[in-house]
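Engineer: Take this structure first; my questions come after.
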Amino acid sequence: MTKRIEYLSITENKRLNKDFFILELSGKLKIPEMKPGQFVQVKVDGSPDTFLRRPISVHDVNYGQNTLKLLIQIAGKGTETLSRLQKGDILNIIYPLGNSFSLPPVGQKILLAGGGCGIAPLLFLGKYLKLNGFLPDILLGFRNTERIIEFSEYKEIGKVFLTTEDGSQGEKGFITQHPLLATTKYDRIYCCGPHPMMKAFAEYSDRNNIICEVSLENLMGCGIGACLCCVVDTVRGNLCTCVDGPVFNTKELKW
Ligand SMILES: Cc1cc2nc3c(=O)[nH]c(=O)nc-3n(C[C@H](O)[C@H](O)[C@H](O)COP(=O)(O)OP(=O)(O)OC[C@H]3O[C@@H](n4cnc5c(N)ncnc54)[C@H](O)[C@@H]3O)c2cc1C
Ligand code: FES
């Protein structure tokens, strides 16, 4: 798939809460066809601290309207700078990057599991699955009710189950403790979130003979396989998260 460096303009910057916002982008060229799990490398202008581009997953694409959405959590200077962009501002991105989640065989029972900014790639994936005839269960974890985002968007692609760490909505605790995992037999799990969460899903999938794919959020430099700062240890040796991933079958990873 050809990669592009392109200037896109911000058509909307929607603040969801204190930590999260969604950038909607559009450009003069037609947005290229992208696959769920792929990401963009965003150039953050404005300070030497943000010299390196920041990797952000494709959250949603509307080919008809020629728009691309990024769901971003403010983690540091780069994402904080991005949160201040306004309609009409220009953003330089390299895209589409990385591999993608695999499409399951017809009839499989699917779970999408995400926590924090890890929910970002799961909306595009869920829409893709729905288009292909799947109705996935979606398990989302948040710290508390105030942090719950995008609930109605996920509800359109499947049945949504929630956990909050303080129990203010849904089940109390982490998504890895949700009763659904004890009562439902899934064929395939797609997961993205904090490293311990993905590791727990890898172990759960291993114990229950489930295929599990995770999207890793390793630190990245170039995003195109040149700097090796995103290397991950796998059964196939050291691989670059940016070009060989970010999506990996959990059986491949040496946690
Ligand atoms: C393939 C991929 C897809 C991603 N998709 C999204 C997304 O859709 N939405 C989103 O909000 N974030 C996403 N991330 C994480 C995002 O890239 C980082 O949060 C961002 O680069 C932090 O930049 P910063 O300048 O704001 O913070 P920095 O000042 O660079 O870092 C702030 C803190 O965040 C940590 N951090 C930095 N980079 C990462 C990283 N890659 N993963 C985890 N922690 C990091 C640092 O260690 C530090 O503690 C993704 C990461 C990868 C690799
Ligand atoms: S980020 Fe440079 S090789 Fe992956």
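Engineer: Within 10 Å, count the other beta carbons around each residue, average over each peptide in 98-104, 233-239, 70-76, and list them highest first.
Structural biologist: Per-residue mean Cβ counts within 10 Å order the peptides as 98-104, 70-76, 233-239.
Engineer: Shifting gears a bit: Summarise the accessible area of the chain (1.4 Å probe, protein heavy atoms) by the percent that is carbon and sulfur.
Structural biologist: Here carbon and sulfur together make up 52 percent of the probe-accessible area.
Engineer: Among 154, 204, 190, which one shows the highest mean-square fluctuation when the chain is modelled as a Gaussian network with alpha-carbon springs under 10 Å?
Structural biologist: 204
Engineer: In segment 117-216, which trypsin sites (Lys or Arg not before Pro) are in a loop and have at most 11 other Cβ atoms within 10 Å, using DSSP for the loop call?
Structural biologist: Those satisfying the criteria are 185.
Engineer: May I pose another question? Take the Cβ-Cβ distance between residue 185 and residue 75 as r, set R0 to 35 Å, and report the resulting FRET efficiency rounded to the nearest 0.05.
Structural biologist: The pair residue 185/residue 75 has a calculated efficiency of 0.45.
Engineer: Please work out the Cα convex hull volume for segment 112-255 and give it in Å³ per residue.
Structural biologist: 115 Å³
Engineer: Using only alpha carbon pairs under 8 Å that are at least six residues apart, calculate the relative contact order of the chain and give it in whole percent.
Structural biologist: This gives 17 percent for the chain.
Engineer: Using a Gaussian network for the chain with springs between C-alpha atoms less than 10 Å apart, which of these wobbles most: 242, 192, 229?
Structural biologist: For the chain, modelled as a Gaussian network with Cα springs under 10 Å, the answer is 229.
Engineer: Could you give the longest part of the chain that holds none of the GluC sites (Glu not before Pro) found in DSSP loops with at most 11 neighbouring Cβ atoms within 10 Å?
Structural biologist: 34-155
Engineer: Please determine, in degrees from 0 to 90 and to the nearest 10, the orientation of helix 195-207 with respect to the longest principal axis defined by the Cα atoms of the chain, where the helix direction is its Cα long axis.
Structural biologist: 40 degrees
Engineer: OK, next. How many nm is it between the label spots at residue 219 and residue 17, if each spot is 7 Å from the Cα in line with the beta carbon?
Structural biologist: Roughly 2.8 nm, to one decimal.
Engineer: With every protein chain left in place, what is the accessible area per residue of the chain in square angstrom, probe 1.4 Å?
Structural biologist: With the other protein chains kept in place, the chain gives 47 Å² per residue.
Engineer: About its Cα centre, what dipole magnitude does segment 1-60 give when the only charges are +1 on Lys and Arg Cβ and -1 on Asp and Glu Cβ, stated in debye to the nearest 20?
Structural biologist: 140 debye
Engineer: Rounding to the nearest 20 debye, state how big the charge dipole of the chain is about its Cα centre with +1 on each Lys and Arg Cβ and -1 on each Asp and Glu Cβ.
Structural biologist: 320 debye
Engineer: Sort segment 1-126 into rounded, prolate or oblate with this rule: let a ≥ b ≥ c be the square roots of the eigenvalues of the Cα gyration tensor; rounded if a/c is under 1.5, and if a/c is not under 1.5, prolate when a/b is larger than b/c, oblate otherwise.
Structural biologist: Prolate shape, in that a/c is at least 1.5 and a/b is the bigger ratio.
Engineer: Quote the accessible area belonging to residue 1 in square angstrom, nearest 10, computed with a 1.4 Å probe and with ligands, DNA and RNA left uncounted.
Structural biologist: 120 Å²
Engineer: Taking the alpha-carbon distance from residue 127 and a cut-off under 19 Å, which aspartates and glutamates remain once sequence neighbours fewer than 8 residues away in the same chain are dropped?
Structural biologist: Cross-link targets: 24, 33, 60, 137, 150, 153, 156, 187, 213.
The values are calculated or read from the model by the stated rules, or taken from the named source; none is laboratory data. Note that the structure is predicted; figures quoted are calculated from it, not measured. Please note: Cβ atoms are built from the backbone with ideal geometry, for glycine as well, and neighbour counts cover all protein chains shown. Ligands, DNA and RNA are stripped out before the accessible areas are found, and what is left, the full protein with its side chains, is counted by its heavy atoms. Shrake-Rupley method; radii C 1.70, N 1.55, O 1.52, S 1.80 Å.
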